[in-house]
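One structure is given here, and the rest of the page talks about it.
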Amino acid sequence: MSTQAAPLSLTQKCTHQFNLLWFIMALGFGGTSVGGFAFLNNMLPREGGYTGMLYAANIAEFAKSAGGIFPAMAVYMQLHLIFFGALHLTAFALCTFFYIRWRKLHPEDFQALKQDTQRNSVLMAPILTAGMAFNVFLVLGYVFIDWMRINVHLLLPTASVVYTLLWLWTIITAVRLQAGAMRHGFDVDNMHFGWLLIPFALAMTTVTGTGISYLASGGLADYVFLLSITSFTMTLFLTLVKVFSLFKSHYSGGLPEQVQFLPSFFVVVPIITLLSISMLRYGYYLQHKYHVPLPQALFTLTVCFGLGLMTWYLILGLTLLKDYFRDYLCNSSYFDESQWGLICPMVAYGVLTTFAYKHGMAHGAMMALTLIFMVLDVFVLTCLIIRQYRKLQGKIGATPDTQSS
């Protein structure tokens, strides 16, 4: 008699089908959560000259004073912040669990990935998401836990230690991947924007440090500033080198034939957002350090420069990949994990618009643009969650049925 193998549980399926791009899924949840925090801090009208970060109690107070739609928006944004923040931390923990199990059960696959210079940039995904988890944890704690908010300066030394470990992890991994690529070489004809995950992770680590440096004071602020400026310069250098190389490659050979490499074209957008926010925070840090206010025009120029750069780049990407969106993203019979990368540019653009609103562009059209991107983000996230689950269950795969699109 033949025996039929028992069906795999969901945990077993997740382990054997594990994909490092699931960390980008968790990253998207975290960015969506932080988008709610950015809306509340940068777009909620304030009275009395209050300049600090908002927390649950005064969010309700300022929203009530502002009137109109703001009380309802304040309630929703706090729920938005909690829900997607909790989803992010849960997804990050689960991805880490499955990553460890996958490496233990499939060590040969992991070693092959490490040695493959065409694919190994995805090893930065756990670091990238860890940086987001650090930010989400601090945001949730500050907004909703009075003890953390009141004692934030007492927690900064501990946060700096954790940040140092994150910084070391980021720099060491990025340098190893770059050194490996330069030592062993790679096929330039197969270049793709997935390599930008390296500067993306560096940018996330940078923006995390800038938050600590402008909140801290004295030697601690200077120490974290030096760490973050190091990763900032590496981010800027690698982004420019890789983007110029990629554009040169695609001008001569066209876009990659493998569709799973196409969504990574948009990785440039969140990198621009993270670098723009980092530059704003460097301005805050310098104001605190030298007790000299910088011109508001400088902050306006910084954020609008980043927003303008992202705008034309998004338009270019949408034009280049219109066939991809029609045949793959809008195709309910197709899913691959690279599509999680499409969440990041929507989150990034929405977040940077809130900073533009705060720094000189407080127009209703700017707020409407933020809300449009936030709604689109939540909608696409929901669709991708459903597709990811269906793929785990074997109901859809990575072979598109273009007739159903």
- Fewest-first ordering of His106, His184, His80 by Cβ atoms within 10 Å yields His184, His106, His80
- Query: Picking from Gly31, Gly180, Gly254, which is most flexible by a Gaussian network model of the chain using Cα springs under 10 Å?
  - Reply: Gly254
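Where does the longest stretch of the chain lie that holds no GluC sites (Glu not before Pro) found in a DSSP loop with 10 or fewer other Cβ atoms within 10 Å?
Working: sites that count: Glu47, Glu257.
Longest run free of exposed loop sites: 48-256.
How do Asp377, Asp109 line up, fewest other C-beta atoms within 10 Å first? Please report the intermediate quantities before stating the final value.
Values: Asp377 24, Asp109 12.
Sorted ascending by nearby Cβ count, the order is Asp109, Asp377.
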- Rounded to the nearest 500 deg cm²/dmol, what is the calculated helix-only ellipticity per residue at 222 nm for the chain, with -39500 (n - 2.57) per DSSP H run of length n ≥ 4? -25000 deg cm²/dmol
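Working out 0.36 nm times the residue gap between Thr51 and Thr319, then minus their Cα-Cα distance, what length gain in nm do you get to one decimal? Please report the intermediate quantities before stating the final value.
Values: separation 268, 0.36 × 268 = 96.48 nm, distance 4.04 nm.
Extra length available between Thr51 and Thr319 comes to 92.4 nm.
Quick one: compute the contact order of the range 177-298, relative version, from alpha carbon pairs under 8 angstrom and 6+ residues apart, as a percent. Don't skip to the answer; put the middle values down first.
Numbers: 106 pairs, mean separation 46.8, N = 122.
Over the range 177-298, the number comes to 38 percent.
Over 29 Å apart: what share of the alpha carbon pairs of the range 1-146 falls there, rounded to a whole percent? Intermediate results must be reported in sequence, preceding the final value.
Working: 3924 of 10585 pairs.
Every Cα pair in the range 1-146 considered, those over 29 Å come to 37 percent.
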- Item | From the C-alpha gyration tensor of the chain, square roots of 5λ in Å | 35, 24, 23
- Cα Rg over Rh - the range 276-405, Kirkwood: 1.12
- With springs connecting C-alpha atoms under 10 Å apart, model the chain as a Gaussian network and identify which of Thr32, Thr273, Thr90 has the largest mean-square fluctuation. Thr90
- In a Gaussian network model of the chain with springs linking alpha carbons closer than 10 Å, the residue among Cys95, Cys330, Cys14 that fluctuates most is Cys330
- Query: How would you rank Arg387, Arg183, going from fewest to most other Cβ atoms within 10 Å of each one's own Cβ?
  - Reply: Arg183, Arg387
- Note on the structure: At R0 = 30 Å the Cβ-Cβ FRET efficiency linking Ile372 and Ser65, nearest 0.05, sits at 0.70
- Task: Report, in debye and to the nearest 20, how large the dipole of the chain comes out about its Cα centre when Lys and Arg carry +1 and Asp and Glu carry -1 on their Cβ.
- Result: 320 debye
- Message: Take Thr382 and Phe144, extend 7 Å from each Cα along the Cα→Cβ direction, and tell me the distance between the two endpoints in nm.
- Response: 2.1 nm
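I'd like the FRET efficiency for His291 and Leu168, computed as 1/(1 + (r/R0)^6) with the beta carbon distance as r and R0 of 45 Å, rounded to 0.05. Write down the numbers at each step before the final one.
Working: r = 32 Å, r/R0 = 0.71.
So the FRET efficiency works out to roughly 0.90.
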- Message: Could you tell me the relative contact order of the chain? Use alpha-carbon pairs under 8 Å, at least six residues apart, and round to a whole percent.
- Response: 19 percent
- Message: Less than 13 Å Cβ to Cβ from His288, Lys/Arg counted +1 and Asp/Glu -1: what total charge do the surrounding residues give?
- Response: +1
- Among all helices in the chain defined by DSSP H, which have a length of 30 Å or more along the axis from Cα atoms plus a Kyte-Doolittle mean of at least 1.6? 296-320
- Pulled fully out, how much extra length does the chain show between Phe237 and Gln118, if you take 0.36 nm times their separation in residues and subtract their Cα-Cα distance? 40.9 nm
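Here, each number is a calculation from the coordinates, and none is a lab measurement. The structure presented is a predicted model; accordingly, all values stated were derived computationally and were not measured. Here the Cβ is made from the backbone with ideal geometry for all residues, glycine too, and neighbour counts use every protein chain on show.
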